[in-house]
Amino acid sequence: MFKISEQWKDFERPARRGAKGWNKDFSDGISIFLRHDDGARCSLTSDLIQAWQFELPLNRAMASGALRQAWESEPYLGGRRCGSFVSKVAHDEGDDIYWTMDEFAEDWGPSLMTSEEQEKFKAMEFPLTVYRGGTGSIDEVAQGISWTLDLEIAKFYALDWPKRWGIEREPMIVSMQVDCEDDVFAFLDGRKESEMLVPHASLLRDAMTEVTDRVDVRLAG
């Protein structure tokens, strides 16, 4: 049975009412997450995800604020970067994992957005072209949830980012057309990356094409 930690108990607080109350709780969740070190942030992320899976009482707005930070922030543990806090928790649970990144994005994606991001998302006109950068084959890159409206961001993650961390695999940039709003569960722009969360994107593999124009990308030295 899941054991509630002391830091998780902050998120049992009754939710404030209305849009302003949601925004305040969202900000409180961010503040709680940021006041911890990376080890405690990993534990908090794991606690919140387990509470979600066990359907325990949870202040959704506060949890969304904390998990937004967990999605966009990178833990630095043992002298190395470990992806995002969410992906770190998923990796650490290994064969015992009882949730998928696609399920996480579907259930939490909409509530991770700020009110400004929600407005921008609602104003988007579909179909849209999205991109994803990484290393390896198209099939490998297609497994990811995080896509972007900005080709330059995809190029960065295919070329610059891997080199920075000593990854020498073949870069790959993939594009696809997203036909309707229902395929996208969040638009996140906190890092100015125009990120679109597209769960189960691999099911759209036949609609994906490799982007070969990479000449304008400046690799990190």
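The values are calculated or read from the model by the stated rules, or taken from the named source; none is laboratory data. Just so you know, these numbers come straight off a predicted model, no measurement behind them. Cβ: placed from backbone, ideal geometry, glycine included. Neighbour counts: every protein chain shown.
When segment 147-161 is limited to residues that are over 27 Å from Trp108 (Cβ atoms) and buried (at least 18 other Cβ atoms within 10 Å of the Cβ), the one that is modelled with the highest pLDDT turns out to be Lys155.
Quick one: which helices (runs of 4 or more DSSP H) lie wholly within segment 105-221 and hold at least 1 residues that are free of Cβ contacts under 8 Å to residues at least 40 places away in the same chain and closer than 25 Å to Ala90 by Cα?
Here the list reads 138-141, 161-164.
Residues are listed down the side, and each one gets a yes or a no for (1) surrounded by 15 or more Cβ atoms within 10 Å (Cβ to Cβ); (2) touching a helix residue (DSSP H, G or I) at 6+ places or on another chain (Cβ under 6 Å); (3) not aliphatic (A, V, I, L, M):
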position: Lys120; (1), (2), (3): no, no, yes
position: Glu125; (1), (2), (3): no, no, yes
position: Gly134; (1), (2), (3): yes, yes, yes
position: Ser137; (1), (2), (3): no, no, yes
position: Ile145; (1), (2), (3): yes, yes, no
position: Glu170; (1), (2), (3): no, no, yes
position: Val174; (1), (2), (3): yes, yes, no
position: Glu193; (1), (2), (3): yes, yes, yes
position: Leu203; (1), (2), (3): no, no, no
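Tallying residues that are within 17 Å of Gly190 (Cα to Cα), in contact with a Gly (Cβ under 7 Å, 6 or more places away or on another chain) and not small (Gly, Ala, Ser) within segment 142-155 yields 0.
Here Gly83 fulfils each of the conditions (1) modelled with pLDDT of 90 or more; (2) closer than 29 Å to Phe54 by Cβ apart from (1).
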